[in-house]
Amino acid sequence: MIARLEGELIFSELARRVKTIELTAEPKRRLNNSLRGLESMPVRVTAA
């Protein structure tokens, strides 16, 4: 639960400080039978 809260705080603060966040390639899923997640998600961030 703490990790989720930390993630929300980081992304909300990032969203306030940048103009755009866009994918530069398809995200790669991490294969795991019990957890869902991404191995990588390439993005481009444009400063505000």
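Just so you know, all these numbers are worked out from the coordinates, no wet-lab data involved. Remember, it's a predicted structure, so these values are computed and weren't measured experimentally. When we count neighbours, we look across all protein chains shown, and the Cβ atoms used for this are built from the backbone with ideal geometry, even at glycine.
What to note about this one:
- Computed E for Arg4/Ser40 - FRET, C-beta separation, R0 25 angstrom, nearest 0.05: 0.80
- Charge dipole (Cα centre; +1 on Lys/Arg Cβ, -1 on Asp/Glu Cβ; no other charges) of the chain amounts to roughly 60 debye.
- Sites counted here are trypsin sites (Lys or Arg not before Pro) in a DSSP loop (not H, G, I, E or B) having no more than 15 other Cβ atoms within 10 Å; the longest part of the chain that contains none of them is 1-29.
- The chain - mean residue ellipticity at 222 nm from DSSP helices (-39,500 (n - 2.57) per run, n ≥ 4, rounded to 500): -11000 deg cm²/dmol
- Derived scalar couplings ³J(HN,Hα) [region 36-48; Karplus, 6.51 cos²θ - 1.76 cosθ + 1.60; whole Hz; x for Gly, Pro]: 9, x, 10, 7, 7, 8, x, 9, 10, 10, 10, 5, 7
- Vicinal HN-Hα couplings computed from phi for region 2-10 (Karplus, 6.51 cos²θ - 1.76 cosθ + 1.60; Hz; Gly/Pro x): 5, 4, 5, 4, 4, x, 4, 5, 4
- Footprinting exposure proxy for Leu14, Leu31 (fewest neighbouring C-beta atoms within 10 Å first): Leu31, Leu14
- Cα gyration tensor shape for the chain, rounded if a/c is under 1.5, else prolate or oblate: oblate
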